[in-house]
1. Inside region 94-112, can you point out the residues that are surrounded by fewer than 21 Cβ atoms within 10 Å (Cβ to Cβ) and either in contact (Cβ under 8 Å) with a residue 40 or more places away in the chain or within 20 Å of residue 225 (Cβ to Cβ) (or both)?
2. Among (1) surrounded by fewer than 16 Cβ atoms within 10 Å (Cβ to Cβ); (2) part of a strand (DSSP E or B), which single condition is residue 270 missing?
3. Select from region 183-202 the residues that are surrounded by fewer than 20 Cβ atoms within 10 Å (Cβ to Cβ), closer than 23 Å to residue 102 by Cα and within 16 Å of the ligand (Cβ to nearest atom) and list them in ascending order.
4. Are any residues in region 308-340 in a helix (DSSP H, G or I) and either outside the structural domain of residue 11 (by TED's automatic domain parsing) or small (Gly, Ala, Ser) (or both), and if so, which ones?
5. Which condition number does residue 260 fail, the rest of (1) at pLDDT below 95; (2) away from the ligand (no atom under 13 Å from the Cβ) being met?
6. Output the number of residues of region 263-317 satisfying the condition of being near the ligand (Cβ under 10 Å from one of its atoms) and of a type in the set (Val, Ile, Thr).
7. Can you confirm whether region 106-122 contains a residue that is in contact with a Gly (Cβ under 9 Å, 6 or more places away or on another chain), more than 14 Å from residue 22 (Cβ to Cβ) and within 10 Å of the ligand (Cβ to nearest atom)?
8. Of all residues in region 31-90, how many are more than 26 Å from residue 388 (Cβ to Cβ) and surrounded by fewer than 22 Cβ atoms within 10 Å (Cβ to Cβ)?
Amino acid sequence: MARTTKHKLIIAGGGLAGLTLANAVAQSGINVALVAPVIPQPDGRTTALLAHSVDYLKKINVWERALPKTAAMTCIRIIDDTRRLLHAPEILFKSSEIELDQFGFNIQNKDLSAALTDSLKKYKNFSRIDGKISDAVENDENVSIILENGEKLECEILVGADGRNSTVRKLAEGGSGIAVRQWRYPQSAIVLNFSHTLPHDDTSTEFHNSSGPFTIVPLETNISSLVWVVKPEMAEEIMSRQHRELELEIEQQMHSILGKIKIVTDIQSFPLSAMNAKKMASGRFFLVGDAGHVFPPIGAQGYNLGIRDIEDLAAMICAQTSERLAVENIASRYNAKRRGDVLARTVSVDLLNRSLLSDFLPVQLLRTSGIIALTQSKTFRKMMMREGVSPGTGFGTGYKVFGEALQNIPRFFQPSKNHS
Ligand SMILES: Cc1cc2nc3c(=O)[nH]c(=O)nc-3n(C[C@H](O)[C@H](O)[C@H](O)COP(=O)(O)OP(=O)(O)OC[C@H]3O[C@@H](n4cnc5c(N)ncnc54)[C@H](O)[C@@H]3O)c2cc1C
């Protein structure tokens, strides 16, 4: 009979969230295993890491390894390119306005993943198991896990960092799954990197179009990454185009602000949707990252929010001093701490995205007024910038209160589906 290997904590998923949590927990000496399949296709995306996330990567001793591959973002420019009747003025945020050297750093996901993986090599209490979780059942003492290859594992806490279709989330609650609320957008994100003849000046530029944002983020000297949100049929058409033809279209879309461009990576397309789980923990099953919440790539929120899940969960687990983890207590505190933040971010990104798609004049008026307020009021600008880079520092407890209030609105509290 196959032997069962025991660990205190098992993490499912070797994406950015799983690797980050493994680093955070391993440094406190806890016996942790990461169950992760080999990723078939390299992740072509880049991640804009906001200041708070950078501080956390420093705290878990990963930043030194990532830093050489990053590019600083000192300015963020938003240009209304909707060509609608109500047109917002251009807005430029400078990190120096809030006494920061930069808002954050941009890095290719493959480079951040390599830094996180490399950093884990120093921990003797960490192990990586190549495979996928196919079943998990909890009892009063443990979670018994079976991998797709039949291998058996056991742990006190199982964390799903296994992405939007999380198996861990579906196996929780005795197999009925943690309920989710999810919806689709009529949009896809085209992702690629390109070289350019004019310097980016460490500035990220977001053009707001009526199909979604077209965002350029600095990557290396004269290289930037692009996330271009378009209608799904246009995404298909873009994917079939010759590079030269597409390069000209991209130059035109960004009004040639970076001069002539050349695509230097593969082009990938991501259909956009949103999801949030009703709970971030149930029994011995916990969720972090996209397993618990997904939204469109607007305002660099996905992994940055995932880092805050990880920060809270790792702190609660690592603070335990008794031989066995007080799982029930950790679960209820983790749920209480994460819910407001997740809901507030989901709703903010959703509203911003819908305000771009909407042709409804009052919605455009609201959006334009918001942007005008940002150009006029120094205090409001600073609050927005601080909240953006380090949640909780701009609006104080305001954002938390907003998130908590949302939990009382049935539309956001009641999940529409059990699980996908
Ligand atoms: C176009 C685009 C641009 C983005 N830009 C930004 C940005 O600038 N800043 C930002 O903060 N966020 C950004 N995001 C969001 C960010 O990329 C995601 O939030 C983040 O990558 C999610 O990481 P994850 O580890 O939670 O999930 P995933 O990356 O989905 O990883 C999950 C892993 O789990 C594995 N897995 C699945 N099932 C199992 C199983 N049964 N057992 C074990 N393992 C399993 C999978 O193989 C996968 O490797 C962007 C998203 C998109 C689409």
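1. 95, 97, 98, 100, 102, 109, 110, 111 - these are the residues of region 94-112 that are surrounded by fewer than 21 Cβ atoms within 10 Å (Cβ to Cβ) and either in contact (Cβ under 8 Å) with a residue 40 or more places away in the chain or within 20 Å of residue 225 (Cβ to Cβ) (or both).
2. So the condition that residue 270 fails would be (1).
3. 202
4. Result: 314, 315, 331, 332, 336, 340.
5. Result: residue 260 passes all but (1).
6. First, the residues of region 263-317 that are near the ligand (Cβ under 10 Å from one of its atoms): 268-273, 287-307, 309-310.
Narrowing the set further to residues that are of a type in the set (Val, Ile, Thr) leaves 288, 294, 298, 307, 310.
Adding up the residues that qualify gives 5.
7. Yes, the conditions are met somewhere in region 106-122.
8. Residues flagged as more than 26 Å from residue 388 (Cβ to Cβ) and surrounded by fewer than 22 Cβ atoms within 10 Å (Cβ to Cβ) within region 31-90 amount to 9.
The values are calculated or read from the model by the stated rules, or taken from the named source; none is laboratory data. Just so we're clear, the structure is a prediction, and the values are computed from it rather than from any experiment. Please note: Cβ atoms are built from the backbone with ideal geometry, for glycine as well, and neighbour counts cover all protein chains shown.
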